[in-house]
1. Can we say residue 218 is among the β-branched types (Val, Ile, Thr), touching a Ser or Thr at 6+ places or on another chain (Cβ under 9 Å) and touching a residue at least 60 places away in the same chain (Cβ under 8 Å)?
2. Which one is nearest to residue 220 (Cα to Cα) among residues in segment 284-310 that are within 16 Å of the ligand (Cβ to nearest atom) and part of a helix (DSSP H, G or I)?
3. Given the conditions (1) over 21 Å from the mean Cα position of the chain (by Cα); (2) surrounded by 17 or more Cβ atoms within 10 Å (Cβ to Cβ); (3) in the same structural domain as residue 134 (by TED's automatic domain parsing), report the number of the one that residue 350 does not fulfil.
4. Here is a list: 204, 180, 121. Which entry is more than 23 Å from residue 34 (Cβ to Cβ) and within 16 Å of the ligand (Cβ to nearest atom)?
5. Mind checking whether some residue in segment 227-244 is in the same structural domain as residue 387 (by TED's automatic domain parsing), hydrophobic (A, V, I, L, M, F, W, C) and within 30 Å of residue 356 (Cα to Cα)?
6. Quick one: which residue in 230, 281 is away from the ligand (no atom under 15 Å from the Cβ) and within 21 Å of the chain's Cα centre (by Cα)?
7. Can you tell me which residue within segment 136-155, out of those that are buried (at least 23 other Cβ atoms within 10 Å of the Cβ) and away from the ligand (no atom under 16 Å from the Cβ), is farthest from residue 178 (Cα to Cα)?
8. In contact with an Asp or Glu (Cβ under 7 Å, 6 or more places away or on another chain) and among the small types (Gly, Ala, Ser), is that true of residue 225?
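The values are calculated or read from the model by the stated rules, or taken from the named source; none is laboratory data. Quick caveat, the model's predicted, so the values are computed rather than measured. Heads up, the Cβs are rebuilt from the backbone with ideal geometry, glycines too, and the neighbour counts pull from every protein chain shown.
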Amino acid sequence: MRFAGLVNKLLVGAALLCAATASAQTIKIGVINTYSGPFATLGDLIDKGFKLYMKQNAAKLPPGVKIELVIRDAGGPNPDKAKQLAQELIVRDKIQILTGVVFTPNAMAIAPLTQEAKLPFFIMNAGTSVITTRSPYIARFSFTLWQSTYPLGAWASRKYKTAYIAVSDFAPGHDSEAGFERGFTEGGGKIVGKVRIPLANPDFVPFMQRAKDARPDVVFSFIPAGRQATQIMKAYGDLGLGKAGVKFIGPGDITTDEELPNMGDLALGVITMHHYSAAATRPANKAFIAAWKKEYGEKSWPSFMSVGAWDAMDAIYYVIREQKGRIDPDRTMALVKQYKNPNSPRGPIAIDPATRDIIQNEYMREVRKVGGQLANVEFETFAQVKDPWKELQKK
Ligand code: PHB
């Protein structure tokens, strides 16, 4: 009897423990990001973005549900490393959702694994159009380069006759080149020269010299956001392109918000098309900037990468809430296709159910001084743009 009583007690105890663990559900989220090497500042901006979201929105998780982040560093563009990390996160850590990823080559290497493992993968940055076609388990919360460069090409064709294209020699650079060229030439503009710049340790001066020698009305450029943006701006200034009347334009990567203080007045007048400016005055962005500065200091600025991280985390919280803390991969993807946020810091956003890419406003911006500081000031809105690369393929 005594023995049976003990067994009973143990069973009751075990059942209670199970009930407790079931209600204190922990969702494992893998993050592959860039924390080391020359692009570490980009990973830091993403890290700060999703952590700020989590700190501010803990109440949006169902009661008893916790998130455990499993964070890994792929360094820069390093597909082999990214693939190995994703494999480990899937097999060993048994993550239920994967997120992060600054660089396209890394996202491309991870994509097939997410299909094999049925692992929802919410991209925070990597912006080459083709990525989302490589696995039905990918949804993207950042942008595509086509989304900014194709309408920018059209806009520029109404202002300028000739353009020179200088882009980083990797996939998002190639997309930027193709998007701008198509928009600009469809509008009647002429491309007078093109150059592709190595991604690692570039010296921008010889490339900008070639651009100057071609005597275009405008130089269009894409380089990865971060320090390279300041370096190319300096080369443009040092060679006197601005003084020679040659305009500098590109996607927002070339005037990324956090680098503006390092660029100085050289950046004044640079025109870009992008989905996010830290200087935007819509209330959701003002609240976001205030929270950011409170957390990270008055001198710190978020960038479009931080907002990609913020919005991806909002979607992760949404799919967790809708499933009451139990992640089913196919249900997660069905839910994310319905995801909308009328109030992102960047404006209204939605996931396109047909492509799992983001639909968002693109803003024409000019670098101006606001309150003594350089800022990307929005002056025209292209509402609710879908990825043009995918739209054009339908035609
Ligand atoms: C990318 O690899 O897709 C990428 C990297 C840096 C950027 C934009 C896109 O600024």
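1. Details: among the β-branched types (Val, Ile, Thr): yes; touching a Ser or Thr at 6+ places or on another chain (Cβ under 9 Å): yes; touching a residue at least 60 places away in the same chain (Cβ under 8 Å): yes.
For residue 218, the condition - among the β-branched types (Val, Ile, Thr), touching a Ser or Thr at 6+ places or on another chain (Cβ under 9 Å) and touching a residue at least 60 places away in the same chain (Cβ under 8 Å) - is met.
2. Step one: of segment 284-310, the residues within 16 Å of the ligand (Cβ to nearest atom) are 301-309.
Pick out the ones that are also part of a helix (DSSP H, G or I) and you get 304-309.
Values: 304: 20, 305: 21, 306: 24, 307: 24, 308: 24, 309: 27 Å.
That would be 304.
3. Among (1) over 21 Å from the mean Cα position of the chain (by Cα); (2) surrounded by 17 or more Cβ atoms within 10 Å (Cβ to Cβ); (3) in the same structural domain as residue 134 (by TED's automatic domain parsing), residue 350 violates only (1).
4. The unique qualifying residue is 180.
5. Quick first cut of segment 227-244, residues in the same structural domain as residue 387 (by TED's automatic domain parsing) only: 227-244.
Next, from what is left, pick out any that are hydrophobic (A, V, I, L, M, F, W, C): 229, 232-233, 235, 239, 241, 244.
Still in the running and within 30 Å of residue 356 (Cα to Cα): 229.
Within segment 227-244, one or more residues are in the same structural domain as residue 387 (by TED's automatic domain parsing), hydrophobic (A, V, I, L, M, F, W, C) and within 30 Å of residue 356 (Cα to Cα).
6. On the way: 230 fails: away from the ligand (no atom under 15 Å from the Cβ).
The conditions single out 281.
7. Within segment 136-155, the subset buried (at least 23 other Cβ atoms within 10 Å of the Cβ) is 137-150, 152-153.
Filter once more, so that each one left must be away from the ligand (no atom under 16 Å from the Cβ): 137, 153.
On the way: 137: 27, 153: 10 Å.
So, considering only residues that are buried (at least 23 other Cβ atoms within 10 Å of the Cβ) and away from the ligand (no atom under 16 Å from the Cβ), the one farthest from residue 178 (Cα to Cα) is 137.
8. Values: in contact with an Asp or Glu (Cβ under 7 Å, 6 or more places away or on another chain): yes; among the small types (Gly, Ala, Ser): yes.
Yes; evaluated as a whole, the condition is true for this residue.
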